Each structure stands twice: as C-alpha cells, then as structure tokens.
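Chemist: I'd like to ask you about the structure that follows.
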Amino acid sequence: MESLIALLIAAPLLGAALLLVGGRRLDRVGHWLGTLLAAVSFVLAVVLFFDLLGREAEDRTLSQHLFSWVPVADFQADVAFQLDQLSMTFVLLITGVGTLIHLYSVGYMEHDERRRRFFGYLNLFLAAMLLLVLADNYLLLYVGWEGVGLASYLLIGFWQHKPSAATAAKKAFVVNRVGDVGLSIAIFLMFTTFGSFAFDTVLPNATGTSEATLTGIGLMLLLAACGKSAQVPLQSWLGDAMEGPTSVSALIHAATMVTAGVYLVTRSADVFNAAPNAQTVVITVGAVTLLFGAIVGCAKDDIKKALAGSTMSQIGYMMLAAGLGPLGYAFAIMHLVTHGFFKAGLFLGAGSVMHGMNDEVDMRRYGGLRKHMPITFATFGLAYLAIIGFPYLSGFFSKDEIIYAGFSKGGGQGWLLGGVMLLGAALTAYYMTRIMLLTFFGEKRWQPDANGHEPHPHESPLSMTVPMMVLAVGSVAAGFLFNLGSSFEHWLEPVTGIAHGDSPVSHGMVSIAATGVMVIGVAGAWFQYGRRPVPVVAPTGNLLTRAARRDLLQDDFNHAVLVQPGNYLTRGLVYVDHKGVDGVVNGTAAAFGGLSGRLRRVQNGFARSYAVSMFGGVVLLVAATLLMRAV
Amino acid sequence: MNPGDLTAPDIEWIALSPSLIVYGAAVVGILIEAFAPRRVRYPAEVVLATLALAASFAAVVGLAAGDRGTSKSQVAGMGSLAVDGPSLFLQGVIVLVGLVSVFLFAERRLEPAAHGARVDSFAAQPAAVPGGAAEQEAIRAGHTTTEIFPLLLFAVGGMLLFPAANDLLVLFIALELLSLPLYLLCALARRRRLLSQEAAVKYFLLGAFASAFLLFGIALLYGYAGTVSYSGIRDVVAGNPASLDAGLASTMGNDALLLIGGAMVLMGLLFKVGAVPFHMWTPDVYQGAPTPVTGFMAAATKVAAFGAMLRLLYVVLPGTRWDWQPVLWGVAIASMVAGAVIAITQTDVKRLLAYSSIAHAGFILAGVVAVSEDGVSSVLFYLAAYSFVTLGAFAVVTLVRDAGGEATHLSQWAGLGRRSPLLAGVFALFLLAFAGIPLTSGFAGKFAVFRAAADSGAMGLVIVGVLASAVAAFFYVRVIVLMFFSEPKADGPSVVIPSPLTMSVVALAAVVTLVLGIAPQYFLDLAGQAGTFVR
C-alpha cells in the first residue's frame, strides 16, 4: 500500500510533464488526459483511504521512503512521504475537488487556445499540493509549498495578455515570497534546534525545548501561513488573484491552496501547543482576518472578489480554530473540508454565471438569473445555505463547532472570540445573501456590452454543471456525516489530539445564537437588496463602505508603509552606487588607464634606451641583493 | 697533462636521448637544405621535424616511465646535465610545444598562393633586401624558406638543455643555442619585413647584452667557487668546498662575488622570461616576429628559462635565499603590475599578448620565490598550462587577416564574434584562461602558484598578484566585449579557413586549456611527482 503514495503525486506530475512539453499534438486530447490523471490520483486516494479505514486508529500512518535527496554529513534530506489521517483528508479533498474542477474546466476553457497548457498547470498544481501535504519533513513540504506558489502564479497570470492579470500574478508571487521567507527561517531554526526537519524528529521533541525558540519557529510558520492563506497582514493578493480563470479561483484560491496555511499550523500542532504566545498570535490573526474578509466581502460588487473576501474570512475561522490548539484543530480541518465543498461550488457557480453573461463580473448588472440558469441557481443556492450555516447543512456543523470551541477557551477571551465569530457569522449571512439576491433575484439589469452584444444568459453545459451538482451534494451532506457520532473528530484525533474546554454556554445555545445572527444577517441583506430595486451604479456609500470597497485600504497601507520607503531606500542605494561605488571603480579604472598611458611612453622603440633600462635594472638587482645581505 | 691522459667522455646515451634526437634531426635537416632539391625540402623537413620531436617526446615519456624523474634521477654527461623530474617534465612540455609549433610553421593556406605555389608566413628570400628586386623575384618564383625547420629544431635543442643544465657553462651554451636560431627566425616574416628585421636586431642586441652580463656573472661565480659545476658551487656556499684552488685563494668564498655573480646570472634568465625591468624587448619582438615564431617563442622560451631559473635558485643558491628572495619579490611585483597596467592601453593584439606575458612572468615568479616543493610543482604546472594557452592564442592571431596580412589592430577585431563565433569563442576561452577564470587551466595554475607563495609566507605578493589579475582581467575581457558586443566594421578582416595543421593546434590548445581547467588534479599530481631536483 505504501508504494501507492508516490503514485498519487506521480500521476498529475506525469500529466503536467506531458502537457507542458508534449506540444501541439496533444491539443486535442490534452484536457481529457489531464482530467484522467487527476481522476487516477483520486481513485488511488480512495483506495488508500479504505486501506487506512481498515486499520486500527493507531496504525493509520503509512510512510514511504522514495530516495535520499541531500545526504551531507549531518544534513539529511529525504524524499519521503507520510500518509496519516490529516494528509489523507487533504489528499481526498485535493484530488476529489481537483478532479471535479478539471472536469468543469473542460467546458469552461473550451474556447481558450491554450487549454492544453492550462490543464498542464492544473496538473502541476495537483502534484505540488499533494507533495505539500504528503511530505514527511518540512524541507520537502517547502518544495511543494513553492510548487503550489508557482502553479498559482502561472494560473493567476494565465491570461497574461491582460496587464491586470499579469500584475495580479506578480503581486501574488511577491506577497507570497514574504511568507516563504518565514517558512525558510522556521526550517533553519528547526535544523539548528533539532538537527533535523523531519516531522518525526521535530514534533515529538518540541515539548522540552525552550519556549522562546518554539515561539520563534511558531511565528515564522505563522508568517508563512499568512502568506499562503491570505491572512492579515499578507492578505492583499487574494482579491487580485481573481484575475485568473474562475475554475482556478475555485480550486486554488478557495478550496485547497489557500488552506495550506491551516495545514501547516495543524501539522505543527506540537510546536504551537508548547508556545502559547504564538498561539495567541494565530488566534488574533484569525479573528482579525475573519472580520476583515467579511467586511470586504460585504462591499464588493465583483462577484468573484466578494467571494474572495468570503474565502479570506472563512480561512480566518479555520486559523482561529487552529490557534485554539487541540480544542480546535479537528474543527479547523472539518471547516476546511466543508468550506472546500461549498466555496468551490460557489466559485463554480459564479463561473457558470459569468460563462452565460459574457464574462461580466459586476453583480449590479446581473439580476433575476434564477429563471435562466436553474441548475446553477439550485447548486449555488445549496452552497449558499451551507456557508451561511443554515441548520443541518455543512457550514452549520463546522462553524458552530468552531464558535463553541472559541467559547470553550474560557474567560473573557472565550466571550470575546465567541462574540467576534458570531459577528462574523452575521456578516457572512449578510454578504452571501447580498450576492444571492443581486445575482439571482430581482429585475434583470444587464445591458449590451461595449460591442453592443446583449448577454443571453443560458445554462452551462453538463461538464460544468455536473461538478457543481456533486459539490452541492457535498455542501449539504458533508457536515452532517462528519458530525455523525463525532466521526471526523475521532478520525483526526491520533494526529491532532483532542480537548474539551469549559464553555460558559452550552452547545445548543451556540447553535441557537448562530442561527439567530444568521437570520439577522439575511434579513439585513433582504431589507437592503431584496425589497427595493438595486441601482446599477453603486451609491457613494459611507466612509466604511468606501474603505471596504478599496479592500479596507490594504493597498494604500502597503504602498505607504512598504513600497514607498522601499523606493526611497532603493533610490538611495542607487545614488550611493552611482556616486560612491561607481565613482571609486571608475576612478580606479581611470587612474590605471592614466598610469598605463604614462608608463607605455617608456617603451619608445629605441634599442639604446632599452639597453639603458636593462643596465639600470642590473645595477638595481645587484644593489638590492647586496643590500639584503647588509641589513 | 699529456694527450694519453685524455679519457673519452662518459655519455649516458639513453638518459640524454630526448635532446640527442633533436640535435641529430637538426643536423640532418641542414643536410637536406644543402643537398635535397627544392621541391622535396618542405615535405622532408616537415616530416623530419615532426618525427624527431615525436620521437623525442616518446623518449621523455619513456624516461619518466622508467622512474628517471623520481627515484632514478641522475646527473649525466660528466656532471653537466641533470636528468630529473623538473627537467623531464619541462623537456616534455618544450618538445610538445615544439611539435605543435612545427604545424604552425608548416601552415601554407593562409597566404595567397604565389603563382601556383603555396607559401607560408616566412620570407621568400630572407637574404634579399625588403622591397627590392631580388625579393620580388623570389616571391614570383614562389620560393620558401624551409630552413625554418632546422632552426626550430636547434632552438628546441637549446631549450631542452637549458632547464637541464647542471653547469654554468652548459647553461650559457644552451642559452646561446636557443637564442641564435630565434634571432634569425624573428627576422623572417614574409610581410612587414622591416618591422620583422628591426625586431630581430633589437632582440639580438639586447640578448647579446644580457648574455654578456650572464657570462660575467659566471666568471664571478667561478672566482667565488673555483668551479662552474652547480654542485661544486653549492658546496662552497654551504661552507665545505671539495677542493681549494690555490690560484683563487684570494677570492674564493668571497660573498660579494657570490651575490654579484648570482644576481648577474639571474638577470640573464630574467631577461629571457621577460620580467620587469628586463622586459623591454618583449613587445617589440612579439609584434615584429612572424606570428608562428612569436607563439613558439612565447610558449617555449618561457618554459625553458623558468626551468633554468628554478634549478639555479633551488640547486645552486638555496643557501643565499634570504638575499635573493626579497629581490625577486620586487621583480615579481614589478612584472605583474607593469605588465597588467601597460597592457590596458595597448591597441595591437600581439603587443597586448606580449604585455600579458610580462604579467604572467610575474605570476610565475611568485611561485618560484616560494622556495618549496609546492613552488616547483606549481611553476611546472603553470608553465605547461600557460604555454598551450599562448600557442593557441597566437595561432588564432594568424587566422584573422585582411588584404594586408594579419589584422592585429584591436579595432579590426570588433564584431569578430558575429562573423566567426566559433573562432572568437575559442579566443575568448584563451583570454579567460589568461585572466585565470575558473574551469580554465589559467585558474588552476594561478591558484597553485598563489597558494605556494602564500604557504611560504609571501602574503603581500599574493595580494598584489590578485589585484594585478583583476587589472589584467579588464583588458582580456575588453577584447571579448569588443569581439562579441561591438558592431563589425564594414571592411573588417575575415577569418581564413586554415589547413588541418593550424586547426589541430587551436583545437589541441583549447582542449588542453579545458582539461587542465576542469580536471587539473592528475596533472598537478604529475607536476608534484616531478618536483624534486637531483643534487
């Protein structure tokens, strides 16, 4: 069984290699080849999953040592994999949702000339993401980490002829580099502290290591997680990343890659458990981001950017849960999986809407689409209900568990976290209802585009709607299944541990409160957008609305605090380089040139003066030799 | 002493075979010139020279394989010639350089054919006045000077003796033996004959001047030691003379004679290697001489002269190292700095390479003054590496031509890389090797000598050497920039497609440069084994 692990990665990697170097002869079959290899990987994942299920809970860890990568004295890096319950969960999510989205893309990218390349990148992403979650050490994880970053960069900028897409890709890459630095420093620290970066050396030895070191490692890991998962303060790239094709947004920037930060924190549970200060920072980051993303999501008129704000906010929930330690790890991952279903479904729905609307993204120009796109409406609606936490759908279970875990933290902190998350839940209900109403309800507001083409909204082809239906089923049922006898919790328990805090409020109370705030949010949105016609041009709005439309001034902040000083520093350095360094260099060169010009005049071509200089040379030589003896 | 007491000299024929083969072939070559008809001379001479040098190389390899360079090293020829590691190693290099030079000398595809007869780079009728009627006639007749091959063999013969000389008189004879043919060869250019003759006369005058000093130094050393044999002088320096000559009682053991004489002999050798301040002849002669001769001379003379210098300093004068070592530091520094600095403003490729050779003489001296086994082996390695780079570079120079013959002005080389990327690429490789860029033999050699110098405590010398290398890199790279990043001139020179002879020289030099650069260890070990002098 162990030997299947490498095949999980090998299948999509082979696909990427074939599609990217195979050339035009694969144009006709490339998309199906890519989809097939993704499906192969999914089938392998299912086989492995049932194998794990057939074992005792303690034995559910498979490992495979592929080869020794960098064996240098004390520095031993291996290409080796570890498949445990946590990785397995991710592998199923990645390959399952990944396969569905491959299938969806067959239809979605049908008219794109570079579809083969697109599928090559998607397969590359799958391979890298699987490597990330299957690595048995942090260095190999880092390879996958960079691989998904690369794939993300390539796919955000897939329509590179659009300057906005190229810029967005660059922005995502640069911001992610900041996080990557954190990960590399964390790995350095691990190596100096533990002499290794293998999970089975670092994690068991974390307890008993100085807390300061662990806090350092934890904070650096968190920095990495912030970059990849678009958490404050490295959140700015995610909104722009929506420039990529929508299926990419669904797979990479909603369901899988952006959750890698949560994986990293959960995987490093032992480090964080022993570093409470780092955990506090994780919680803070999660709490701030969940509100930040929700507020941004409320203000955006671009359907994908509104969903991106939502993604950020939902990952904020997961991050917060992961920061709670064993109280929350299992629920962070559970929410991650359910979110993978409903958010992918929402994005695919959005893509389907755009597909039918000439790629229009402004929700103020939608309206009343439920009649034109019944399947999209139904699947989107189910995913919508799941995310706002409608009772007994997926989001209801996973989010309530996180809110309850927040209260269980105890004391004032518990109340604060619970309150923040309930507020976030209200906002979630508000912005999702807003999207729903603007898109599918009300009057039609679409107009001819610049070329005079009136959009003719229509339902998308089966290759697109089938994945949406499957995801809708997942959105509805996953939470219930996971919650059945706390099965998900127990499944993950051997990896993440489990704890129960002392909550001041009961579980039922939390559910009631969450449902209550959901109703308030839905009602708020309905009063604003459902009861009266929606203006096609957005009203000016108050200060907060305007700030939220500008992503709460994140880019202005980065520009003022980072870019400008950076520019000044660069200019200063360039000045020093030009005037100082170049001055010295050019001055030296000029001095030697001048010296050379002067010296060469000694070479006047007359044998007599050559002879004289030789004679002088001999005298010098003899005199110097005698002088050496004398002194 | 009556005639009956004269015993026949005891000659170790086998041990001396490398040089003897070359002399024999040179004499046969002269006989061919005298008796063979004109049309067979060229093929006969080329074949003879090639075979002789190949046989000589085989003899060197055979001797080395027979441990003559290490455990069975000896002093042969009644104390006059050493057969040991350094002499065999250097003789091997010299013979190879000579062999390859034969190919350059024999190249007949570069000059336009004169009335159906293919001609080489050498004067049609050296005795004719340049530009005169006799010269025109000789050119029309398609005459060539096949005497160059015996001359080359004699020069090689002298060079083989030079590093092996174990006796001051043999040293002097070897010096003259190698110099006189070179003076002649320098004067033999087919084109620009006046420049060529001027160069030859300058070389001869200054060479004679230097020889005079050397000879005077020998006399002083004889006065000091009462003998001209290396071992005899060393014994006196060490304070235990083998015998006392009554006639020299007043001067023997007088250190002033030793120091002055030693310095003068050293000067003669420094002249040959072209070290500052005895370098003035180098640019003029390198520029004026026919380019194949320049290549041969620049490569082989340096090897021979440094070999002789090593033996003199390491075998005869180690007892006075504290006197000459600082002086040679000064010479090394002056050579490195002056060579590198003056090269910056040169506009002629051959003069540029001449100044580069002066700087390289300084680098090699840095290894010489280390006075250690590492010093010897690093110098041996450096010489082997450097001689092939030099040969290759001058071989390339012979190929870049316009209507007036070789186009040596740097401005004419602009954009050469666009027109002949392969040739320009190879030349760039040689330049990088001169500059000491890693993965070329130049780097391995420079690293070896600087390490030997640093180990001997001459850190200052190494620092100056590295700085001078940086200065030198500038003008080497400038040529590369000129070749590859400048627009070609409309009426610029073109690269002539040579015969396989020159091509093989360029290819061999490039291969040696790369092999010694990428995998130098085998050759460093070889040089390391050859690092011990017989005493």
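Chemist: Can you list the residues, at least 5 places off or on another chain, whose amide H is less than 5 Å from the amide H of B:VAL75, using H built in the peptide plane?
Modeler: B:VAL83
Chemist: Once you average over the residues of B:338-349, how many Cβ atoms of partner chains fall within 10 Å of each Cβ?
Modeler: Shielding by partners across B:338-349 averages 4.
Chemist: Which number do you get for Rg(Cα) / (2.2 N^0.38 Å) in the stretch B:143-193?
Modeler: Compactness ratio reported: 1.31.
Chemist: Per residue, how much accessible area does chain A have with a 1.4 Å probe, in Å²?
Modeler: Accessible area per residue, chain A: 40 Å².
Chemist: With a ≥ b ≥ c the root eigenvalues of the C-alpha gyration tensor of the stretch A:475-583, is it rounded (a/c under 1.5), prolate (a/b larger than b/c) or oblate?
Modeler: oblate
Chemist: Report the relative contact order of chain B, percent, no decimals, based on alpha-carbon pairs under 8 angstrom and at least 6 residues apart.
Modeler: 16
Chemist: I would also like to ask the following. Per q in 0.11, 0.16, 0.23 Å⁻¹, report the Debye log10 I(q)/I(0) for the stretch B:1-111, using one uniform scatterer on each alpha carbon and no solvent.
Modeler: So the normalised log intensities are -0.47, -0.80, -1.18.
Chemist: Could you pull the Cα extents of the stretch A:235-285 along its three principal axes, largest to smallest, in whole Å?
Modeler: 41, 20, 10
Chemist: How large is ³J(HN,Hα) for each residue in the stretch A:596-603, as worked out from phi by the Karplus curve 6.51 cos²θ - 1.76 cosθ + 1.60 (θ = phi - 60°), to whole Hz, x for Gly and Pro?
Modeler: Using θ = phi - 60°, the values come out as 4, x, 6, 5, 5, 5, 4, 7 Hz.
Chemist: Here's a follow-up. What share of Cα pairs, in percent, lie more than 46 angstrom apart in chain B?
Modeler: 10
Chemist: Work out how far the C-alpha atoms of the protein assembly as shown reach from end to end along every principal axis, then list the three figures in whole Å, largest first.
Modeler: Taking max minus min along each principal axis of the Cα atoms, the protein assembly as shown gives 136, 69, 56 Å.
Chemist: Extending each Cα 7 Å along its Cβ direction at B:LYS489 and A:HIS65, get the distance between those two points in nm, one decimal.
Modeler: Computed distance between label sites B:LYS489 and A:HIS65 equals 6.8 nm.
Chemist: Considering the Cα trace of the stretch B:328-476, what is its radius of gyration and what is Dmax, both in angstroms?
Modeler: 15.7, 53
Chemist: I've got another one for you. Using only the Cα atoms of the stretch B:431-510, what are the Rg and Dmax in Å?
Modeler: My reading of the Cα-based Rg and Dmax gives 17.2, 54 Å.
Chemist: Further question: For B:ALA123, enumerate residues with amide H under 5 Å from its amide H, sequence gap 5+ or separate chain, H modeled in the peptide plane.
Modeler: B:ALA189, B:ARG190
Chemist: With bins 10 Å wide starting at 0, give me the P(r) of the stretch A:179-332 over every alpha carbon pair, in whole percents.
Modeler: 13, 41, 30, 13, 3, 0
Chemist: Evaluate E = 1/(1 + (r/R0)^6) for A:THR207 and B:ARG419, where r is the Cβ-Cβ distance and R0 equals 56 Å; express this FRET efficiency to the nearest 0.05.
Modeler: 0.20
Chemist: At a probe of 1.4 Å, how much accessible area disappears from chains B and A on forming the pair, both sides counted, to the nearest 100 Å²?
Modeler: When B and A are taken together, about 2700 Å² of accessible area is lost.
Chemist: Now a separate question. How many Cβ atoms of partner chains, on average, are near each residue of A:595-603 if near means within 10 Å of its Cβ?
Modeler: Mean partner-chain Cβ count within 10 Å for A:595-603: 6.
Chemist: Next question. Roughly what percent of Cα-Cα pairs across the stretch B:154-283 reach past 26 Å?
Modeler: 31
Chemist: Kindly state, to the nearest 0.05, the FRET efficiency for A:ARG571 paired with B:SER411, given R0 = 41 Å and r defined as their beta-carbon distance.
Modeler: 0.60
Chemist: May I ask for the equivalent-ellipsoid semi-axes of the stretch B:496-535, computed as the square root of five times each C-alpha gyration tensor eigenvalue and listed largest first in whole Å?
Modeler: Working through the eigenvalues yields semi-axes of 31, 14, 5 Å.
Chemist: Post the alpha-carbon centroid distance, the stretch A:227-268 to the stretch A:111-159, in whole angstrom.
Modeler: After rounding, the separation between the Cα centres reads 13 Å.
Chemist: Tell me, what is the Rg over Rh of the stretch A:340-539, with Rh the Kirkwood radius over Cα pairs?
Modeler: 1.05
Chemist: Sorted by mean Cβ packing within 10 Å, highest first, what order do the peptides A:394-402, A:113-121, A:279-287 take?
Modeler: A:394-402, A:279-287, A:113-121
Chemist: For the stretch A:111-212, what does the alpha-carbon gyration tensor say about shape, rounded, prolate or oblate, given a ≥ b ≥ c as the root eigenvalues, a/c under 1.5 as rounded, and a/b over b/c as prolate?
Modeler: The shape class here is oblate.
Chemist: Run the accessible area of the protein assembly as shown with a 1.4 Å probe and give the carbon-and-sulfur part as a rounded percent.
Modeler: Answer for the protein assembly as shown is 67 percent, counting heavy atoms of protein chains only.
Chemist: Follow-up. Go through B:LEU482, B:ALA76, B:ALA428 and say which Cα lies farthest out towards the positive end of the charge dipole of the stretch B:12-529; charges sit on Cβ, +1 for Lys and Arg, -1 for Asp and Glu.
Modeler: Result: B:LEU482.
Chemist: For the pair B:ARG140/B:ARG535, report the inter-label distance in nm, with labels modelled 7 Å from Cα in the Cβ direction.
Modeler: Taking the two extended label points, one gets 6.8 nm.
Chemist: Using just the C-alpha positions of the stretch A:391-501 as equal point scatterers, what log10 of I(q)/I(0) does the Debye formula give at each q in 0.18 1/Å?
Modeler: Each listed q corresponds, in turn, to -1.10.
Chemist: Let me ask you something else. Under the Karplus relation 6.51 cos²θ - 1.76 cosθ + 1.60, θ = phi - 60°, what is the ordered set of whole-Hz ³J(HN,Hα) values for the stretch B:308-321, x standing for Gly and Pro?
Modeler: 4, 5, 4, 5, 4, 6, 8, 9, 8, 10, x, x, 10, 4
Chemist: Would you kindly derive the ³J(HN,Hα) couplings of the stretch A:492-498 from the backbone phi angles with the Karplus curve 6.51 cos²θ - 1.76 cosθ + 1.60 (θ = phi - 60°), listing them in order in whole Hz, with x for Gly and Pro?
Modeler: 7, 3, x, 8, 9, x, 8
Chemist: Quick one: if you take sqrt(5λ) for each eigenvalue of the C-alpha gyration tensor of the stretch A:559-630, what semi-axes come out, biggest first, whole angstrom?
Modeler: 53, 18, 5
Chemist: So how much slack lies between A:LEU36 and A:LEU544, counting 0.36 nm per residue of separation and subtracting their Cα-Cα distance, in nm?
Modeler: Between A:LEU36 and A:LEU544, full extension yields an extra 178.1 nm.
Chemist: Hey, can you find the accessible area per residue of the stretch B:12-529 for me, probe 1.4 Å, expressed in square angstrom?
Modeler: 33
Chemist: Using Stokes-Einstein with the Kirkwood hydrodynamic radius over Cα pairs, what translational diffusion coefficient do you get for chain A at 4 °C and a viscosity of 1.567 mPa s, in µm²/s rounded to a whole number?
Modeler: In µm²/s, the coefficient is 49.
The values are calculated or read from the model by the stated rules, or taken from the named source; none is laboratory data. This structure is a prediction, so every number in the text was calculated from the model and none was measured. With ideal geometry, Cβ positions are generated from the backbone for all residues, glycine too; neighbour counts draw on all protein chains shown. Areas reflect the complete protein model, heavy atoms only, side chains present, ligands, DNA and RNA absent. Shrake-Rupley method; radii C 1.70, N 1.55, O 1.52, S 1.80 Å.
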